[in-house]
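For reference, the structure discussed in these notes is given below.
The values are calculated or read from the model by the stated rules, or taken from the named source; none is laboratory data. Quick caveat: nothing in here was measured; it's all calculated off a predicted structure. Positions of Cβ are backbone-derived with ideal geometry, glycine not excepted, and every protein chain shown enters the neighbour counts.
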Amino acid sequence: MRRGRRSGLFTMVAVHSTVRGPALGGCRMWRYDDARAAVRDVLRLSGAMTSKAAAAGLPMGGGKGVILVPSDQGVPAGELREAVLRDFGDTVESLRGTYLTAEDVGTSADDMAVIARETKYVTGLAVEHGGSGDPSPWTALGVQEAIHVCCEHALGSRELAGRTVAIAGLGSGGERLAQACAQAGARLLGADVDDRRRAAAERLGARWVTPSKALEAEADVYAPCALGGVLDHDTAPRAGARVIVGAANNQLADDSVADVLADRGILWGPDFVANAGGIINISVELEPEGYAPQRARERVRGVGQTMRLVLSDAAARGVTPLAAAKALAERRLIEAAAV
Ligand SMILES: NC(=O)c1ccc[n+]([C@@H]2O[C@H](COP(=O)([O-])OP(=O)(O)OC[C@H]3O[C@@H](n4cnc5c(N)ncnc54)[C@H](O)[C@@H]3O)[C@@H](O)[C@H]2O)c1
């Protein structure tokens, strides 16, 4: 954790694990009440990245970056934004490749280009700068694969034609997922707290509903694609779909919610398995042949195989998909540690 010499703001990086490779994780620019809250967040998020990369079988560990915006200040813009991004670049550089950064909530591919002025340990640069670009389409592709596999497991076929899919959160990931589901012939319900998303949803033929209607709808699939913590002991008992799988990180308020969903006969596809498409795409940048979209597509489709492995292991051992996914990540960490 450092106070930036240009901006005076705190930037921090948590390296949770390098057992499988360099710690990869996005840089979040976010408002926090104090430094302790930011440290808690960066530590928690870095641990989740370790599980995500390990479950996906990537040669990478888990890390995360945070740029702490004091809660009484606006989001940095102009010169201050450039200054703090370069300060964050210094923090990344000081770790000499132990940590690789990428875009995350509050940062963009353009911001990555500014960070790259201070360090080469940056991924997800725009395609015209030699990077793998916006991760959202890849995340959406991975989630789509995960939905197919979850439907096959819980509903008997992977087909989406004629099924109802309720998507909550129609931002960069959710809207692309909605497009893909519409193309596959699904009936869509779309929800977002931002009414400006309504026109895009309706263009795709989605019926616009409130976020709580999307949760409660008797749909085949509910796809949470907004913020974390959407499933807790109050909302999980009200969920109406038979399958829940989506792009949002940390969908469960705590692990015990996985049991509530399983007890109600709802198949929950673990979020860190389903939404790994973005980092899988980034990992292709690090392959010896360099980045190629075709290879990225093949690798991201692997999300479906990982989900299948998790669901069959859960069924065979009589545990929740969450327990099976955590065990898979743990096994892959232990294997790598042994090597
Ligand atoms: N984009 C990626 O590549 C990627 C990768 C992995 C995980 N994720 C996760 O997926 C989620 C969405 O990411 P994104 O990039 O699409 O973000 P985004 O900011 O582009 O979109 C999020 C959308 O959710 C809406 N929203 C916020 N609160 C809501 C609520 N309570 N109910 C309904 N809608 C709500 C917002 O208005 C916005 O339109 C996040 O949890 C993110 O961490 C994204």
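In segment 1-111, counting only strands (runs of 3 or more DSSP E) that sit wholly within it, none holds 3 or more residues that are out of contact with any helix residue (DSSP H, G or I) (no Cβ under 8 Å at 6 or more places or on another chain) and surrounded by fewer than 18 Cβ atoms within 10 Å (Cβ to Cβ).
All conditions in (1) surrounded by fewer than 17 Cβ atoms within 10 Å (Cβ to Cβ); (2) modelled with pLDDT under 95; (3) of a type in the set (G, A, S) hold for S132, with the sole exception of (1). Please work out which residue is nearest to G89 (Cα to Cα), limiting yourself to segment 139-159 and to residues that are within 15 Å of the ligand (Cβ to nearest atom) and aliphatic (A, V, I, L, M). Filtering segment 139-159 for residues that are within 15 Å of the ligand (Cβ to nearest atom) and aliphatic (A, V, I, L, M), the one nearest to G89 (Cα to Cα) comes out as A140.
Only one entry of R187, R176 meets the criterion of being closer than 29 Å to S312 by Cα, within 9 Å of the ligand (Cβ to nearest atom) and charged (D, E, K, R), and that entry is R176. Scoring S136 on the criteria (1) hydroxyl-bearing (S, T, Y); (2) within 13 Å of the ligand (Cβ to nearest atom); (3) farther than 22 Å from G228 by Cα leaves a single failure, condition (3). Number of residues in segment 144-182 that are at pLDDT 95 or above and closer than 26 Å to D111 by Cα: the value is 6.
Kindly establish whether A168 is under 24 Å from V15 (Cβ atoms), touching a residue at least 24 places away in the same chain (Cβ under 8 Å) and within 16 Å of the ligand (Cβ to nearest atom). The answer is no for A168. Across segment 261-293, what is the number of residues that are in a loop (DSSP other than H, G, I, E, B) and not hydroxyl-bearing (S, T, Y)? So the count comes out to 13.
Within the option set L311, L252, being assigned by TED's automatic domain parsing to the domain that holds E216, touching a residue at least 60 places away in the same chain (Cβ under 8 Å), touching a helix residue (DSSP H, G or I) at 6+ places or on another chain (Cβ under 9 Å) and more than 16 Å from the ligand (Cβ to nearest atom) holds for one residue only, L311.
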